[in-house]
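The values are calculated or read from the model by the stated rules, or taken from the named source; none is laboratory data. It should be emphasised that the depicted structure is a prediction, and the values quoted were computed from it without experimental measurement. Using ideal geometry, Cβ is built from the backbone for each residue, glycine included, and neighbour counts are taken over all protein chains shown.
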């Protein structure tokens, strides 16, 4: 899903690469730090160029993950560049322990290759005597050396067993050989949170970016563990196990005022909208409230209802649909069987279904 907060840079191998707006804050920070050190325009430009070159390496790192995942049956939507690095958005991740190990290792291996190429360049094409090179700032003379060192740092940093970083995923894949993926994820998450706390504390004294990375690890580990819990519980169910066939209805010509009055009388999260008995769309609570303020209470429901949906069928895997609804923030989705409306999938009901199955497992 394309974000309005990101600038698209292209689609290598069919994978959309974009840079988040917060990346500009990193460039601004570099300029301010450089000015504070008394550096001139040329030196500041070299520092910015170095960061851009480093993020090219980050993109290649994420492409390594992505292409390995695709090769092993996974699916990749996009890669987003953030101030703290890159993030590949995999809509489908290979689940076998061996496959996850390969996908997780592919990224750092790309940086190893980049470092090897730079080393060959420095040895054979442009030999440099390190003893005579200054490293107080980025210059033409030390650019390749610094980029080589940065790639080795990326490898070492990513191999820290702090989930959800590459090292944490490698660690989980090894654990998953001998135990369930859920248990392996829990152990990797707990270890990752220890590292996160260390990063946060260290960041308070040394570098504020460590604080950001620490919180990223905390939130990422928790989110991954919650997702794996849902996968573990929902893996044997399909949409038909939870589809709602009884729901509140409105006619497409009904006013928003009528919908608002009915809303307080129902327990559903919205309405199914029909015309002449045929399904037309869905009116969610949020769409109704926004519609009242933008269109007025006398406007018909059809002007604000949702009509564009990714069609799901009763036989689709429930966990896959759950992932889709979570990612796209869709709380109600229509279900179609042979192109005929069959019912509604309610995200709130899905959460309740998960809790009941988990409690009775």
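Numbers for the structure displayed
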| quantity | calculated |
| --- | --- |
| Residue 58 closer than 22 Å to residue 145 by Cα and touching a residue at least 24 places away in the same chain (Cβ under 8 Å) | yes |
| Number of the exception - residue 337 against (1) touching a strand residue (DSSP E or B) at 6+ places or on another chain (Cβ under 6 Å); (2) under 16 Å from residue 245 (Cα atoms); (3) surrounded by 12 or more Cβ atoms within 10 Å (Cβ to Cβ) | (1) |
| Options 65, 20: the member that is in contact with a strand residue (DSSP E or B) (Cβ under 7 Å, 6 or more places away or on another chain), farther than 21 Å from residue 155 by Cα and at pLDDT 75 or above | 20 |
| Which listed residue, of 298, 310, 268, is surrounded by fewer than 17 Cβ atoms within 10 Å (Cβ to Cβ) and under 33 Å from the mean Cα position of the chain (by Cα) | 310 |
| Within region 15-131, helices (runs of 4 or more DSSP H) holding 1 or more residues that are in the same structural domain as residue 214 (by TED's automatic domain parsing) and under 30 Å from residue 231 (Cα atoms) | 41-71, 97-120 |
| Residue within region 313-334 that is under 18 Å from residue 283 (Cα atoms), surrounded by 12 or more Cβ atoms within 10 Å (Cβ to Cβ), assigned by TED's automatic domain parsing to the domain that holds residue 245 and over 23 Å from the mean Cα position of the chain (by Cα) present | yes |
| Inter-residue pairs, beta-carbon under 6 Å, first not assigned by TED's automatic domain parsing to the domain that holds residue 44 and part of a helix (DSSP H, G or I) and in region 135-159, second surrounded by 15 or more Cβ atoms within 10 Å (Cβ to Cβ) and at pLDDT 90 or above, 6+ apart | none |
| Flag for residue 318 being in contact (Cβ under 8 Å) with a residue 40 or more places away in the chain and within 30 Å of residue 224 (Cα to Cα) | yes |
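For every residue, the table says whether it meets (1) touching a helix residue (DSSP H, G or I) at 6+ places or on another chain (Cβ under 9 Å); (2) in a helix (DSSP H, G or I); (3) not assigned by TED's automatic domain parsing to the domain that holds residue 332.
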{"residue": "188", "(1), (2), (3)": "yes, yes, yes"}
{"residue": "192", "(1), (2), (3)": "yes, yes, yes"}
{"residue": "202", "(1), (2), (3)": "yes, yes, yes"}
{"residue": "209", "(1), (2), (3)": "yes, yes, yes"}
{"residue": "216", "(1), (2), (3)": "yes, yes, yes"}
{"residue": "224", "(1), (2), (3)": "yes, yes, yes"}
{"residue": "228", "(1), (2), (3)": "yes, yes, yes"}
{"residue": "247", "(1), (2), (3)": "no, no, no"}
{"residue": "250", "(1), (2), (3)": "yes, no, no"}
